[in-house]
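Colleague: Can you keep this structure in mind? I'll have questions shortly.
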Amino acid sequence: MTDIIATLAPQLEHLEKEPYYHPIGDEVALFEAAYARRLPVLLKGPTGCGKTRFVEYMAWRLKRPLATVACHDDLTTADLIGRYLIVGDETVWVDGPLTAAVRAGAICYLDEIVEARKDTTVVIHPLADSRRLLAVDKRGELLSAPDDFMLVISYNPGYQSVLKEIKPSTRQRFVALDFDYPEPAVEAAIVAREGGVDADTARRLVKLAELTRNLKGAGLDEGASTRLLVHAGQLIGAGVAPATACTAAVARALSDDPDMTGSLDDLVHAVF
Amino acid sequence: MAPGREERPGGGGTRRLSAASLEERLDEVLFAAQSRRTTTDLARNLADLPRVQQDMVLHWTEVATQTYAEVAWLLPKLAPRAVGLLDAEHFGTWVLSALDAYDRVGAREAMQTLRAVEAYAASLERVAVAVDFGQEEMRLSRLLQGLSGRPLGLRAGVSAWTDTETLYLPARMDLLPTADENRRLYKATTALLWAQTRHGTFGSADLDLESALSRFPDRERALEWLAVLEAVRLEAVIADELPGLAAEIQALRGPWPDALMPLVPRLHRPDATLADSLALLEHCADTEAPALPHCGRLDPAAALAVRSERIARDIQVLRKALAVMKAAGCMKPGGDEEPLVTAQGAGDAPAQVKIEGDLQALPPEGRAAARSLVQDLGEIPPECLVPAGPGLYDPEARPRQAEEKDEPVPPPACDYRYDEWDYHRHAYRKLWCHLYEHEVREGDSNYVPEVKQRYAGLIAQIRRRFEALRGETRMLGRQPDGEEIDVDAQVEARSDRKSGVEPSSRLFCRRVRHDRSLAAMFMVDMSGSTRGWINDAEREALVMLCEALESLGDAYAIYGFSGWTRTRCDIYRIKDFGQAYDERVKQRIAAIEAKDYTRMGVAVRHLTAILLQQPARHRLLITLSDGRPDDFGDEYRGQYGIEDTRRALQEAHAQGVRGYCVTLDRHGADYLRHMYGPAGYTVLDDVKKLPLKVADIYRRLAT
Ligand SMILES: Nc1ncnc2c1ncn2[C@@H]1O[C@H](COP(=O)(O)OP(=O)(O)O)[C@@H](O)[C@H]1O
Ligand SMILES: [Mg+2]
């Protein structure tokens, strides 16, 4: 019985080993200051630029457990807060990741918050202001978050859909940190390490990213992210020819339009 | 030849025509009698040809007479030679090419083209491998955009060269033996011309190309050599950042010609600049320059004229921008002395321009100017970093003047009046714009059906995709009834019952259709610059949109905008929210036409007001346009119009209206980002794509 509940209960991650994170600006200091002042944080930036990795790193640094929730449009309040389950002949309550994080004084990271339904995001409001409260309605519980609990959400401002905008009432509760792709030398260092490629290959991958980012708005919604470069690097490390790896991991990942993929291939071949 | 064995030409016979009947026929075709010339020799010339060829020559001679008699007279004379070289189809295209030359250039060229039948036959062999500029244009322009730097135009011309603002490429490439190689040659040439503008072929702050060239008595030859030497130097520069591209160029050009070999090491030194090319030029300018397929030609006179005009303009823009900033109190005192801009990278090739400190705060126009100056000069001349003095520019002076001049405004007979944002003053000009709302008169009723037929396949596809969207459903839990049991609710009810609480009866899930609650306003640019295919594309795009939106069920309206100064801003109603997509709307779409100017801010304000009357939860204002805001007189042009439009969009945003722009202005990245934000626009590189892409763009915005 307790075993079952243990498997059902959300996993809080306890990071033992330092995650690799290369700071880009003063985000570490800002995050620490927000933590000290018990302020929630919003990470803004394009996909694949290191937001998730940053949160993992900060959780390690602040020695807090971490609960990560990837938001999607079917995510309900119960998925965050918890629900009753029937085990054998008994109903048992299982905390959702948000409740678990509040109880444990952990960092709760809601990734891509705009993907979640609007009525779901409302439950975080009382947690995100000075009250720092979480209402577990079904149990009639009102949890007051301990000092070491921290709420972090992320959001990609590059989304174009009107249905996926963060509401001002949500946004204004958070300290916002801007993320973007790092400058070339730093990004190359990240790609070299994470992708396991030599410095020259990493430099070329970053150059490729720069060329594709110049096409943003002109047929491409987004240029290549650091994540895509890491993927390409990993393929190269596995013995795939660099141009082939980039075509698969970068060019095809960015567009389906045949004209556009042709142009992206040109860019790949300009670099490799 | 006995009579009777012969047939009249054109009679469909197969027997060869005699000289006599050929002569008779030629006289007729060429009106020989009037011109008092004889066709006897011509007829004799053709007598030995097989009948089909005789008919062919007579046919084309007759065609040619309608355009230019001299070509027609020449044709039978050249025909025996031509039929040996050309088949029937190409005989025709040969004649047509001569007639075409007559239309385009004149009589002499027409005769020359016709006489050069051997050259024409030889060129045919290359046709199969030739690549047209049109085929490659989009791909090349994307490549250029990826390579970045200052925006560059791309045009077809006679030869490959650049004036530093536009790259000209041959309209057809057939130098190399296969189509694939010719395609690569386009790419290599584009890359090299780009590198010329990017990496200092036309000089820098301390190297004046024109005076360096004046030392060479034979300028033409010096220029040929310089183009080659720069091709060598720039290939190494390209190789540094874009090794793949450099390798492709290298494979295409083959090994360096012997004459170049000894010069390569110096030009490939990492710090080599134009100065090295010029130094080497001293030693080789008296021999023949080797040929490289991709190196193009240099026209320093044209390039330097464009360049110095641009430098002057950039300096002015930068100084003005600094002055505005200073006036607005954004600059710290004494900030002028600090280096605001540093160019990193060697000499003429600033690999990366780092704009620091105060320049970071410049409006996009000022920043672009700073970047462009570094590209041209390798640095920002220190004198530009002194803000323009009051004599040159006084941010207060202009608006006040304008107001005084415009004081006796005639009483408004307009439908609405709107404020306009003056960024110089940092304040609104009250009720500044006079807006008139017009109904578009109905046009051609066949237009929409024709477009629908032309794009039938695409429309079917769009409809399917949008219907799928409309069909999207989601599960609603805790319903009194429904097709599935809500397990969560059941569990809760059960635990409630156990603890003695009355359980809820809402125990089911029901599928409901997504409530989209979205209203979209389309704001269509009807300014004069859209005349022609942009207007066509806009209208076609609207047909696609209507088809898409009808199947989706979103509320939408279409309005056009144009105008002529602030006292006549026109809005054209094409489809209102309440109106159905009916015959009249279709005819109004057909009647959309290019009018005057683009005062955009007031249009945004008016259409936002209309959009706000819609009860929807999400409101979208989508602009279809071809360029930046602009109006008659220079007041609205430039930064003023951009800032006003930006302001109008911010006002809209504050009221819950999201702005988005679909544009054809390839050079719009800077101001569009400023006006609409990074995720607020799409630039289409090809007007033909507008109808194909617009539904896709809407889908991305609204799902
Ligand atoms: N600053 C950074 N330090 C270390 N790795 C990074 C950094 N930025 C990006 N990465 C790499 O990029 C990948 C994608 O980053 P991620 O954090 O998942 O992006 P996001 O959450 O912003 O979408 C990471 O797995 C990591 O390999
Ligand atoms: Mg992530």
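Colleague: In the range B:542-561, how many are in contact with a strand residue (DSSP E or B) (Cβ under 6 Å, 6 or more places away or on another chain) and either among the small types (Gly, Ala, Ser) or over 18 Å from B:Asp626 (Cα atoms) (or both)?
Modeller: 6
Colleague: A follow-up question, please. Determine which member of the set A:Ala224, A:Ala209, A:Ala232, A:Ala251 is in contact with a Cys (Cβ under 6 Å, 6 or more places away or on another chain) and surrounded by 20 or more Cβ atoms within 10 Å (Cβ to Cβ). If you could, list the steps in order and put the result at the bottom.
Modeller: Values: A:Ala224 fails: in contact with a Cys (Cβ under 6 Å, 6 or more places away or on another chain); A:Ala209 fails: in contact with a Cys (Cβ under 6 Å, 6 or more places away or on another chain); A:Ala251 fails: in contact with a Cys (Cβ under 6 Å, 6 or more places away or on another chain).
One residue alone meets the criteria, A:Ala232.
Colleague: Okay, moving on. Among the helices (runs of 4 or more DSSP H) lying completely within the range B:102-156, list those that include at least 1 residues that are in contact (Cβ under 8 Å) with a residue 40 or more places away in the chain and more than 27 Å from B:Tyr186 (Cα to Cα).
Modeller: Output list reads B:107-115.
Colleague: Could you go through the range A:29-36 and let me know if any residue there is among the aliphatic types (A, V, I, L, M), within 16 Å of ligand 2 (Cβ to nearest atom), away from chain B (no Cβ under 12 Å) and out of contact with any helix residue (DSSP H, G or I) (no Cβ under 7 Å at 6 or more places or on another chain). Before you say what the answer is, go through the steps one by one.
Modeller: We begin by selecting, within the range A:29-36, every residue among the aliphatic types (A, V, I, L, M); these are A:29-30, A:33-34, A:36.
If we keep only those that are within 16 Å of ligand 2 (Cβ to nearest atom) as well, we get none.
No.
Colleague: Can you pull out the residues in the range A:35-53 that are within 10 Å of ligand 1 (Cβ to nearest atom) and β-branched (Val, Ile, Thr)?
Modeller: Matches in the range A:35-53: A:Thr47, A:Thr52.
Colleague: Would the range A:170-181 turn up any residue that is away from ligand 1 (no atom under 16 Å from the Cβ), among the basic types (Lys, Arg) and over 30 Å from A:Lys63 (Cα atoms)?
Modeller: no
Colleague: Sticking with this structure for a sec: Take the range A:39-48 and flag every residue that is within 15 Å of A:Glu222 (Cβ to Cβ) and surrounded by 21 or more Cβ atoms within 10 Å (Cβ to Cβ). Quick ask: steps written out before the conclusion?
Modeller: Quick first cut of the range A:39-48, residues within 15 Å of A:Glu222 (Cβ to Cβ) only: A:44-48.
The answer is A:Gly45, A:Pro46.
Colleague: Which ones in the range A:105-142 are among the hydroxyl-bearing types (Ser, Thr, Tyr) and either farther than 17 Å from A:Pro40 by Cβ or more than 14 Å from every other protein chain (Cβ to nearest Cβ) (or both)?
Modeller: A:Tyr109, A:Thr121, A:Ser130
Okay, residues lined up against (1) modelled with pLDDT under 95; (2) within 12 Å of another protein chain (Cβ to nearest Cβ):
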position: A:Leu228; (1), (2): no, no
position: A:Gly237; (1), (2): yes, no
position: A:Val240; (1), (2): no, no
position: A:Ala253; (1), (2): yes, no
position: A:Asp257; (1), (2): yes, yes
position: A:Ser263; (1), (2): yes, yes
position: A:Asp266; (1), (2): yes, yes
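Colleague: Here are some conditions: (1) among the β-branched types (Val, Ile, Thr); (2) at pLDDT 90 or above; (3) more than 22 Å from B:Asp27 (Cβ to Cβ). B:Thr61 meets all but one. Which one does it not meet?
Modeller: (3)
Colleague: Then there's this: If I filter the range B:499-507 for residues that are under 33 Å from the mean Cα position of the chain (by Cα) and either assigned to a strand (DSSP E or B) or within 14 Å of chain A (Cβ to nearest Cβ) (or both), do I get at least one hit?
Modeller: The first filter runs over the range B:499-507 and keeps only residues under 33 Å from the mean Cα position of the chain (by Cα), leaving none.
No, the range B:499-507 contains no residue that is under 33 Å from the mean Cα position of the chain (by Cα) and either assigned to a strand (DSSP E or B) or within 14 Å of chain A (Cβ to nearest Cβ) (or both).
Colleague: Which pairs have Cβ atoms under 8 Å, sit 6 or more apart or on different chains, and link a residue in the range A:189-207 that is in the same structural domain as A:His231 (by TED's automatic domain parsing) to one that is within 16 Å of ligand 2 (Cβ to nearest atom) and polar (S, T, N, Q)?
Modeller: Cβ pairs passing all conditions: A:Ile190/A:Thr226; A:Val191/A:Thr226.
Colleague: Here is a follow-up. With respect to the numbered conditions (1) surrounded by fewer than 20 Cβ atoms within 10 Å (Cβ to Cβ); (2) in contact with a Ser or Thr (Cβ under 8 Å, 6 or more places away or on another chain), which one is the sole condition not fulfilled by B:Leu144?
Modeller: Result: B:Leu144 passes all but (1).
Colleague: Taking B:Arg319, is it under 26 Å from B:Leu167 (Cα atoms) and surrounded by 14 or more Cβ atoms within 10 Å (Cβ to Cβ)?
Modeller: No: the conditions fail for B:Arg319.
Colleague: State which residue is nearest to A:Asp147 (Cα to Cα) when the search covers only the range A:16-72 and only residues that are among the acidic types (Asp, Glu) and more than 12 Å from the chain's Cα centre (by Cα). Walk me through it before giving the result.
Modeller: Here is the first cut: in the range A:16-72, the ones among the acidic types (Asp, Glu) are A:16, A:18, A:26-27, A:32, A:56.
From what's left, more than 12 Å from the chain's Cα centre (by Cα): A:16, A:18, A:26-27, A:32.
On the way: A:Glu16: 22, A:Glu18: 23, A:Asp26: 23, A:Glu27: 21, A:Glu32: 13 Å.
Selected residue: A:Glu32.
The values are calculated or read from the model by the stated rules, or taken from the named source; none is laboratory data. Computed from a predicted structure; not experimentally measured. Quick reminder, even Gly has a Cβ in these numbers, built from the backbone with ideal geometry, and neighbours come from all protein chains shown.
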